[in-house]
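Trainee: My questions all concern the structure below.
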Amino acid sequence: MTHAQILTSHLGAALIASLLYLGWLLRGLSKRLGEVTRMRRYYRWFDVGNLLLMGALLGYLIKCSVALTQTPQALLNPDFSSHLFPIPLILGLAVNLAASIFYWGWLIRES
């Protein structure tokens, strides 16, 4: 990472935090919709997705902090750092997207 990337890397955490907030917002709205329509409690999948997004946020912050301090060197290994952040992010977004489509897909079909 270059010096500019290291110094601005913590700003990317705001993006992941906003995705996490959006997941919590959709969870609340989906829970209310499910109570009104008497659906099963599928909104709990948002909890799984949000937990994975929290893991991605933690992994991103660790990766940025390690890049800033250059210690420990094991965490800078590309094989390790490539699994620390993107895998929980992709899985969390996929779970939240699937739950959102399940609850709110009727809006697309109606239009």
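Trainee: What is the residue count in segment 1-43 for residues that are closer than 16 Å to ALA56 by Cα and at pLDDT 85 or above? It would help to see each step written out before you state the result.
Mentor: Keep residues of segment 1-43 that are closer than 16 Å to ALA56 by Cα, which gives 9-24.
After this cut, where a residue has to be at pLDDT 85 or above as well, the list is 13-24.
Selection size over segment 1-43: 12.
Trainee: Mind counting the residues in segment 76-111 that are out of contact with any Lys or Arg (no Cβ under 7 Å at 6 or more places or on another chain) and farther than 30 Å from GLY28 by Cβ?
Mentor: So the count comes out to 7.
Trainee: What is the residue count in segment 46-84 for residues that are buried (at least 17 other Cβ atoms within 10 Å of the Cβ) and under 10 Å from the mean Cα position of the chain (by Cα)?
Mentor: Here the count works out to 7.
The values are calculated or read from the model by the stated rules, or taken from the named source; none is laboratory data. Treat the numbers as computed from the prediction; the structure is a model and nothing was measured. When we count neighbours, we look across all protein chains shown, and the Cβ atoms used for this are built from the backbone with ideal geometry, even at glycine.
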